[in-house]
Amino acid sequence: MTQENNGTLSFDDFDEKINPRPEDNDFDRIVETAISRRGLLGGVLAFGSVTALGGILAPTGAKASTSRFAFEQIPTSTADTVVVPEGYKVDVMMRWGDPMWSDAPEFDDATRGTAASQARAFGDNTDGMDVFSHDGHTLLVVNNEYTNRNIIALSADEDRRIQDKDDIAKGMMAHGISVVEITNEDGTWKMVQDSPYNRRITPMTDMDLTGPAAGHDLLKTDADPSGTKSLGTWNNCGNGVTPWGTYLTCEENFNGYFSAPENPDHEVSAELKRYGISSEDWGYNWALIEDRFDVAKHPNEPNRAGYVVEIDPTDPTSTPKKRTALGRFKHENAEAVVNNDGRVVVYMGDDERGEFVYRYVSNGVYAPGASTDDLLEDGVLYVAVFDDDGTGKWMALTPETTSMDQAEIHVHTRQAASAVGATTMDRPEWISANPNAAEVFCCLTNNKNRGVKPNAGGDDTAVNGPNPREANNYGQIVRWRPEGGDHTADGFAWDLYVLAGNPTVHDDAYAGSDNVNADNMFNSPDGLAFDSNGLVWIQTDGNYKNEGDFAGQGNNQMLAGDPVTGEIRRFMVGPNECEITGLTWSPDRRTMFVGIQHPGERGNSHWPAGGTSVPRSAIIAVTREDGGLVG
Ligand code: FEO
Ligand code: CA
Ligand code: CA
């Protein structure tokens with residue numbers, strides 16, 4: 001989800017416009033008085049846990065003979081193309097609107113399709129994805145997070161609001177998940193049209209609600225008096241995979257689709273406000289064709305979104321399950337780890353300014369071949385408290401700790417986390433666990449409100465250990481190591497892997513940490529994934545204006561980091577006005593699939609086809625020219 005893609009306002013800015021948060025004069029400090037870069041590091045180092053952590057910041061990346069990178073860093077770019085290092089090759093594999101069945105029409109630049117054609121084609125705004133091998137078939141499961149209304153709908157007005165009902169329905173069908181069989185023919189990956197595995201999951205697909213909140217009054221609606229069935233999923237951002245081979249899709253900015261077209265002055269409850277729901281949507285106007293999106297008429301409907309949804313990609317007739325045990329918030333991704341004792345741990349971020357990092361721990365253990373039905377239903381949800389001394393603890397969200405009933409904790413999860421004093425974070429995006437060490441990385445993308453105003457729940461957002469800069473436009477990556485290497489332990493140690501910044505503009509904390517320099521700088525880390533070799537890949541969704549604070553940083557990009565030395569190298573730069581998001585590999589690790597989302601969101605790209613073509617989100621396949629491994 002980009003920062004500035006909905007008309008002239010970002011999604012967060014839109015939420016703030018409709019639900020203004022009080023200014024907090026206590027925090028009314030001036031950004032540029034920030035401590036010097038050295039001063040900041042000295043301050044953090046003084047907390048005293050450095051010895052145990054080996055330094056609060058990753059050591060300077062030394063380009064020593066021990067480098068594990070198989071490529072030379074590339075410079076920034078502002079070209080309308082994908083740039084990769086010498087020795088690598090990029091193929092565009094699958095684009096928004098490509099038909100998944102042969103009876104559907106090819107994408108039409110002139111019309112950008114119809115609701116009917118979009119329902120049988122690859123969705124828009126490719127995001128989290130994973131590859132599954134099944135019975136000799138290779139299945140790619142991809143989130144289609146949202147749609148670019150100004151591009152998909154010729155009827156969109158200058159504020160990118162859609163009124164035409166077929167265009168509204170087309171936009172709706174561009175959302176959800178695409179399950180697509182892919183095959184490699186003569187070295188080129190392509191979609192298998194008409195595969196029996198191909199499936200579009202959309203805001204109109206039947207889903208089950210499971211876990212502690214299922215059946216609760218808060219989930220009951222006119223259409224579903226049982227509170228156990230919901231219709232569809234949307235704004236699916238990052239993802240995860242379970243040890244048993246299912247796909248987890250994460251409902252992020254689900255709020256911006258609800259409105260009250262017949263009651264524009266309708267006031268929603270405080271509980272809904274915390275999630276950014278109001279009588280005004282972002283311009284999709286779904287309430288005009290689907291009554292359930294009218295929040296004045298159906299105030300419980302938003303309680304049925306904001307979950308992690310489990311999908312069996314091998315069975316196109318299966319019913320996706322919304323797993324309320326994993327909490328309700330603006331889910332970025334879901335990183336599942338099997339702990340040493342067999343319990344399943346899922347790490348999750350809530351991507352909003354000043355919201356939190358969560359952990360779920362199953363009560364049961366995973367055993368291959370045994371039933372996995374309860375593993376994402378029966379467990380404990382925790383939220384993270386990061387102390388300034390480099391340690392932290394997981395706070396269980398229970399009726400005892402929150403004074404809320406169990407179901408309510410799993411519907412109003414943000415309020416539960418606030419009640420136990422969770423640490424406000426700079427927009428937690430993707431979380432990824434190192435396959436070679438008991439450590440977990442989390443992108444904190446940016447937070448202009450840090451130290452400026454509280455979060456939507458009124459929680460203090462003064463600078464704190466892992467979020468050390470006021471008005472943070474650059475972002476950072478925090479890393480934690482569970483006590484004793486046990487992902488279910490209550491305690492952990494943390495440090496910052498990198499503080500992004502711009503050392504050509506700043507000479508204080510906003511220059512970034514020592515492993516950031518003029519050659520590898522970036523802003524707004526978002527996507528994050530370890531490869532099988534233990535390198536961590538970092539994708540950005542940041543400011544691409546290439547001026548001011550962001551001068552010299554170019555288009556959004558993907559970098560690789562060595563978690564041991566701290567070295568970070570730029571591997572890829574995307575076309576104009578895109579974000580890079582979604583990363584997975586072919587089963588033989590010789591192809592890396594990368595998502596290029598919303599090229600030309602402001603009207604300045606014709607990627608991938610060039611000329612005067614309509615810009616289209618797409619998945620690219622990156623290979624080595626020598627056929628070697630790419631992760
Ligand atoms: Fe969909 Fe937080 O990115
Ligand atoms: Ca983002
Ligand atoms: Ca993201």
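What is the calculated FRET efficiency for Thr504 to Thr111, with r their C-beta to C-beta distance and R₀ = 45 Å, to the nearest 0.05?
0.50
For Asn447, the residues 5 or more places off, or on other chains, whose built amide H falls under 5 Å of its own are Asn472, Asn473, Tyr474, Gly475.
What translational D, rounded to a whole number of µm²/s, comes out for the stretch 191-350 from Stokes-Einstein when the hydrodynamic radius is the Kirkwood one over Cα pairs, at 10 °C and 1.306 mPa s?
Estimated diffusion coefficient is 96 µm²/s.
Bridgeable aspartates and glutamates around Lys273 (alpha carbons under 12 Å apart, same-chain partners fewer than 8 residues away excluded): Asp15, Glu16. If only the Cβ of Lys and Arg carry +1 and only the Cβ of Asp and Glu carry -1, the dipole of the stretch 387-448 around its Cα centre is close to 220 debye.
Could you pull out which residues in the stretch 305-320 have an amide N less than 17 Å from a spot 7 Å beyond the Cα of Asp208, following the Cα-Cβ vector? Backbone N within reach: 308-320.
The label-point distance for Thr183 and Lys545, in a model that sets each label 7 Å from Cα toward Cβ, rounds to 4.9 nm.
Between Asn517 and Asp341, the contour length at 0.36 nm per residue exceeds the alpha carbon distance by 59.2 nm. Take the chain with all the other protein chains still there, run a 1.4 Å probe, and you get 33 Å² of accessible area per residue.
Does the stretch 504-631 come out rounded, prolate or oblate, given a ≥ b ≥ c as the square roots of the eigenvalues of its C-alpha gyration tensor, rounded meaning a/c under 1.5 and, failing that, prolate meaning a/b above b/c?
Working: a/c = 2.35, a/b = 1.04, b/c = 2.25.
Since a/c reaches 1.5 but b/c is at least a/b, the shape of the stretch 504-631 is classed as oblate.
Between Leu9 and Gln163, what FRET efficiency comes out of the Förster formula 1/(1 + (r/R0)^6) with R0 = 25 Å and r the beta carbon distance, rounded to 0.05? Result of the calculation: an efficiency of 0.85. In nanometres, what is the gap between the two model label sites at Trp101 and Asp626, each 7 Å from Cα along Cα-to-Cβ? If labels sit at Trp101 and Asp626, their model points lie 4.6 nm apart. Taking max minus min of the alpha-carbon positions on each principal axis, the chain gives extents of 61, 60, 54 Å, largest first.
Surface composition of the stretch 498-631: carbon plus sulfur atoms hold 45% of the accessible area, using a 1.4 angstrom probe and ignoring ligands, DNA and RNA.
Here the simple spin-label model places points 7 Å from the Cα toward Cβ, and for Asp387 and Asn533 these points are separated by 3.9 nm.
The calculated FRET efficiency for the pair Thr317 and Ala270, based on their C-beta separation and a Förster distance of 45 Å, comes to about 0.65. Indicate the gyration tensor shape class of the stretch 435-519 (rounded, prolate or oblate), computed on the Cα atoms with a ≥ b ≥ c the square roots of the eigenvalues: a/c under 1.5 is rounded; otherwise a/b larger than b/c is prolate and the rest oblate. In terms of gyration-tensor shape, oblate.
The values are calculated or read from the model by the stated rules, or taken from the named source; none is laboratory data. Quantities reported herein were computed from a predicted structural model and do not represent experimental measurements. Heads up, the Cβs are rebuilt from the backbone with ideal geometry, glycines too, and the neighbour counts pull from every protein chain shown. Accessible surface areas use protein heavy atoms only, side chains included; no ligands, DNA or RNA. Shrake-Rupley method; radii C 1.70, N 1.55, O 1.52, S 1.80 Å.
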